[in-house]
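The block underneath contains the structure these notes are about, expressed in structure tokens.
Each value in this text was obtained by applying a stated rule to the coordinates, not by laboratory testing. Everything numeric in this text was worked out from a predicted model, so none of it was measured. In this analysis, Cβ positions are derived from the backbone assuming ideal geometry, glycine residues included, and neighbour counts consider all displayed protein chains.
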Amino acid sequence: MTAEDQADDLFREMLLELDWNGYEPSTKKIAKKCAFIAVDRIIEEVAESADDEVKFMRIIYWERVKREINNL
């Protein structure tokens, strides 16, 4: 899955959990914040558990996901 697709999926899942009705911009902000929190937790887990080469590649991927979430 591309970073862009992953960001979109995470963001949409957060919107669904917040029962987004499409009218409140504040709900989109909250969904983005929730997605950022999730990605940050993933990055922390990767940093603690993977070997250096795998860690580097996975962290780069998840940082790209964060940038894509920011672009939504």
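List of remarks:
- When the chymotrypsin sites (Phe, Trp or Tyr not before Pro) in region 1-59 are filtered for DSSP coil states and for at most 12 other beta-carbon atoms within 10 Å of their beta-carbon, the remaining sites are TYR23.
- Candidate values (i) 4.2; (ii) 5.2; (iii) 4.6 were compared with mean projected area of the Cα convex hull in nm² computed on the shown model; the agreeing label is (iii).
- Value of [θ]222 nm, deg cm²/dmol, for the chain, DSSP H segments ≥ 4, -39500 (n - 2.57) each, nearest 500: -28500 deg cm²/dmol
- Taking VAL54, VAL46, VAL65, VAL39 and counting other C-beta atoms within 10 Å, the order from fewest to most: VAL54, VAL46, VAL39, VAL65
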